[in-house]
């Protein structure tokens, strides 16, 4: 159930309607949008301190890679069971109404697509694919799960009480030393979840497509992102340099605050639902 917006929160969102109204929008979302779906974020005011695996650690340290796969084996099921929330549904309604040039999400949970959004750039990839770093073959995560279950019988049952799960499906599991990793079914090479790790670059074609959405938009709406990493912040800077309004909805400081036309600290799902109901249709360009 959505929280009831306070009068001052509604007033701030009305300011956002005034800034964004009639303009085609590019939307950028982060982990703060998925917290209402039961997926903790990285840097929210109530978030647990995390030390996400870096790409260099994953490929360079077998023990860390084993630990990651064990934790991911438990955690990916949490993401698979998560349902879109009201915020995801609101963005899908905005797209259906023709308000968006497109959607850029930093999340790997695919909840925007599940909610009905179609023009989605999954900037950091998605949790449901696995890639081989040697032969570049790509596999459904469900297939790799079956292999891992065969290699590690009883592990899921033993770790069924795992605690916190990060947005990249990294579950809070400590007993990982005897976990058997799955080799690539094609070449026997190293498998990696097909999303962008910290220290890894977003593919250039994906970045270019995201910039194109911002370039064709009249304004940028950021929802649920602290913009701490450059992969998202660059689009805020790009819109700002073009003189386009930037509205950021996020609880707590973001790295993009200095570029924001308007910063609103309110629940993301509630804010997006409010905007989806009140933003006017896009006005034709003259």
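Any idea how far apart residue 83 and residue 18 come out in nm if each label point goes 7 Å out from Cα toward Cβ?
3.8
Using alpha carbons only, how many degrees (0 to 90, rounded to 10) separate the axis of helix 204-216 from the longest principal axis of the chain?
The answer is roughly 10 degrees.
Find, to one decimal place in angstroms, the Kirkwood hydrodynamic radius of segment 215-273, where the mean of 1/r is taken over every pair of different Cα atoms and then inverted.
On the way: mean 1/r = 0.0879 Å⁻¹.
By the Kirkwood definition, the hydrodynamic radius is 11.4 Å.
Hey, any idea what the orientation-averaged projected area of the convex hull of the chain's Cα atoms comes to, in nm²? Could the numbers behind the result be given before it?
Values: hull surface 60.8 nm².
Convex hull of Cα atoms, orientation-averaged projection: 15.2 nm².
Considering all alpha-carbon pairs of segment 118-241, what whole percent are spaced by more than 26 angstrom?
Values: 2847 of 7626 pairs.
When all Cα pairs of segment 118-241 are counted, 37 percent exceed 26 Å.
Counting helices only, and only those DSSP H runs with n ≥ 4, report the 222 nm mean residue ellipticity of the chain as the sum of -39,500 (n - 2.57) divided by its residues, in deg cm²/dmol to the nearest 500.
Values: 10 runs with 107 residues, N = 286.
Using -39500 (n - 2.57) per qualifying helix, the result is -11000 deg cm²/dmol.
Sort 128-136, 103-111, 168-176 by the packing proxy (mean of other Cβ within 10 Å over each peptide's residues), most packed first. Please report the intermediate quantities before stating the final value.
Values: 128-136: 16.3, 103-111: 25.7, 168-176: 19.0.
The peptides rank, most packed first, as 103-111, 168-176, 128-136.
Compute the long axis of helix 141-151 from its Cα atoms, compare it with the longest principal axis of the Cα atoms of the chain, and write down the angle in degrees, 0 to 90, nearest 10.
20
May I ask for the Kirkwood hydrodynamic radius of segment 183-281, worked out over all distinct Cα pairs and given in angstroms to one decimal?
Details: mean 1/r = 0.0644 Å⁻¹.
Evaluated over segment 183-281, this radius sits at 15.5 Å.
Using Cα-only point scatterers and the Debye equation, what is log10 of I(q)/I(0) for segment 64-170 at each q in 0.23 Å⁻¹, rounded to two decimals?
Cα-only, vacuum Debye calculation for segment 64-170: -1.26.
Going by alpha carbons, how many degrees (0 to 90, nearest 10) lie between the helix axis of 230-241 and the longest principal axis of the chain?
20
Give me the mean projected area, in nm² to one decimal, of the convex hull enclosing the Cα positions of segment 1-153.
Working: hull surface 47.3 nm².
Its Cα hull, projected and averaged over all orientations, spans 11.8 nm².
Every read-out reported here was derived from the displayed coordinates using simple, explicitly stated rules and does not represent laboratory data. The structure presented is a predicted model; accordingly, all values stated were derived computationally and were not measured. Counting neighbours? That spans all protein chains shown, and the Cβs are built from the backbone with ideal geometry, glycine included.
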